1. Could you list, in sequence order, all residues of the range 79-94 that are of a type in the set (A, V, I, L, M) and at pLDDT 85 or above?
2. For the structure I just gave you, tell me whether residue 17 is within 13 Å of the chain's Cα centre (by Cα), within 14 Å of residue 107 (Cβ to Cβ) and surrounded by 21 or more Cβ atoms within 10 Å (Cβ to Cβ).
3. Starting from residues that are in contact with a strand residue (DSSP E or B) (Cβ under 9 Å, 6 or more places away or on another chain) and charged (D, E, K, R), keep the ones in the range 165-198 and report whichever is farthest from residue 155 (Cα to Cα).
4. Looking at 39, 65 in this structure, which one is modelled with pLDDT of 95 or more, in the same structural domain as residue 7 (by TED's automatic domain parsing), assigned to a helix (DSSP H, G or I) and buried (at least 19 other Cβ atoms within 10 Å of the Cβ)?
5. Only residues that are under 22 Å from residue 24 (Cα atoms) and in a helix (DSSP H, G or I): list them for the range 74-98, please.
6. From the list 88, 94, 116, exactly one residue is over 16 Å from the mean Cα position of the chain (by Cα) and surrounded by 14 or more Cβ atoms within 10 Å (Cβ to Cβ). Which is it?
7. Which number in (1) surrounded by 13 or more Cβ atoms within 10 Å (Cβ to Cβ); (2) farther than 30 Å from residue 56 by Cα; (3) β-branched (Val, Ile, Thr) marks the one condition that residue 111 misses?
8. Filter the range 1-16 down to the residues that are outside any loop (DSSP other than H, G, I, E, B) and not β-branched (Val, Ile, Thr) and list them by number.
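The values are calculated or read from the model by the stated rules, or taken from the named source; none is laboratory data. The structure presented is a predicted model; accordingly, all values stated were derived computationally and were not measured. Because the Cβ atoms are built from the backbone with ideal geometry, glycine has one as well, and the counts that use them run over all protein chains shown.
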Amino acid sequence: MTIKDLAKWFLIKNPTLRDGYIDENTKLNKLLYFSHLMYYAITNQNLTNCVFEKWDNGPVSREIYRAYRYEGLGCHYDDAADIINQHILKILQIVNFVYANKTARELSEETHTHSIWQEVGRNEKIIFENIAPKERNFMKCLYETYKDMDFERISMEKIGDNIYYYDKDNLDMSDEVVEQLEKVDLQKEPIFVESIEGELVFS
């Protein structure tokens, strides 16, 4: 796998990342960083041979930053290769599920709490081998939580400024359901909603 293969996968999954703006470039880089971080936390190996550097807005792949800003990467994702390795695909799906609805600023702020970003100088290489136990365990926990989820069945809706995830086989997003969800107070995090014996249950 190359870093561009992974970038194109995220571009296909997230149409809003294709607009070509600085924030979208930042967000794409953070999704790639979290993918590499989770992969290393689980396998003790680097996902690709790409180098991430410490920039002011968090870890950045200079290769992806340039390809996106100057080479139109956001518009040239049609030749994306299928992710054949199911372990890598699952990690990408989990990272996308957990982080894709956060803003570029939110993602950057989270990376600023990571010791592997804090411990190097500006523009220096981030070394995944130095991941702290706290961050490693958090990534492992995310993986264990979502590794058995069938992401092909999960849909997302934005209703009343809240993000809702639901299983298409469990819940019909009918007008009646939408009307109920519109009444839910604004939440900081996405909500998983399911139907249990005809009642909406949130988690």
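1. 83, 84, 88, 89, 91, 92, 94
2. Yes: the conditions hold for residue 17.
3. It comes out as 185.
4. 39
5. Selection gives 74, 75, 89, 91, 92, 93, 94, 95, 96, 97, 98.
6. None of the other options fit; the residue is 116.
7. Among (1) surrounded by 13 or more Cβ atoms within 10 Å (Cβ to Cβ); (2) farther than 30 Å from residue 56 by Cα; (3) β-branched (Val, Ile, Thr), residue 111 violates only (2).
8. Within the range 1-16, 4, 5, 6, 7, 8, 9, 10, 11, 13, 15 meet the criteria.
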